[in-house]
1. Picking from T52, T68, T33, which residue would you name as being more than 17 Å from R98 (Cα to Cα) and in contact with a strand residue (DSSP E or B) (Cβ under 6 Å, 6 or more places away or on another chain)?
2. Looking only at segment 102-120, which residues are over 16 Å from V23 (Cβ atoms) and at pLDDT 95 or above?
3. Run V5 past the list (1) open to solvent by less than 60 Å² (accessible area, probe 1.4 Å); (2) at pLDDT 95 or above; (3) in contact with a strand residue (DSSP E or B) (Cβ under 7 Å, 6 or more places away or on another chain); (4) not polar (S, T, N, Q) and report the number of the one that doesn't hold.
4. Take segment 67-121 and flag every residue that is surrounded by fewer than 12 Cβ atoms within 10 Å (Cβ to Cβ) and within 19 Å of I31 (Cβ to Cβ).
5. Of all residues in segment 24-58 being in contact with a Lys or Arg (Cβ under 9 Å, 6 or more places away or on another chain), surrounded by 14 or more Cβ atoms within 10 Å (Cβ to Cβ) and among the β-branched types (V, I, T), which is nearest to Y94 (Cα to Cα)?
6. Run D61 past the list (1) open to solvent by 40 Å² or more (accessible area, probe 1.4 Å); (2) in contact (Cβ under 8 Å) with a residue 60 or more places away in the chain; (3) not hydrophobic (A, V, I, L, M, F, W, C) and report the number of the one that doesn't hold.
Amino acid sequence: QVQLVESGGGLVQPGGSLRLSCVASGTIVKIYTMHWYRQAPGNQRELVASITDSGNANYVDSTKGRFTISGDLSKNTAYLQLSSLRPEDTAVYYCQARLRTSWFRGAADYWGQGTLVTVSS
């Protein structure tokens, strides 16, 4: 059984910073990619940033230059540094990983429960 647990969310003022963490646990033989998504009230879940097992990072335009994804997928961890936060960044942030639990099975996607980030003065 695989679990992804996010942490680091909270209340921050506009212009502030937060660092989110995601740790995957359980029977994992390989993580290929880890992603951060977010979902604001009334909106669809959207991709924020991605990182591959080789360390390549990708961002959506709205967060490029303000958010930084990092991590060590061989250690089942990923981080999202949020900077210059705006009220419109308020959302539940989710971690997602594409991974294998066995070399005899294909990769599958797993999700965490999310961590709430609120940007407000």
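1. T68
2. Residues satisfying the conditions are S102, W103, F104, G106, A107, A108, D109, L116, V117, T118, V119, S120.
3. Condition (1) is where V5 drops out.
4. Across segment 67-121, the qualifying residues are S74, K75, S102, W103, F104, R105, G106, A108, D109, Q113.
5. Restricting to residues being in contact with a Lys or Arg (Cβ under 9 Å, 6 or more places away or on another chain), surrounded by 14 or more Cβ atoms within 10 Å (Cβ to Cβ) and among the β-branched types (V, I, T), the top hit is V48.
6. The failed condition is (2).
The values are calculated or read from the model by the stated rules, or taken from the named source; none is laboratory data. Everything numeric here is computed off the predicted structure, so don't read it as measured data. No Cβ is skipped: glycine too gets one built from the backbone with ideal geometry, and neighbour counts run over all protein chains shown. Surface areas here come from the heavy atoms of the whole protein model, side chains and all, with no ligands, DNA or RNA. Shrake-Rupley method; radii C 1.70, N 1.55, O 1.52, S 1.80 Å.
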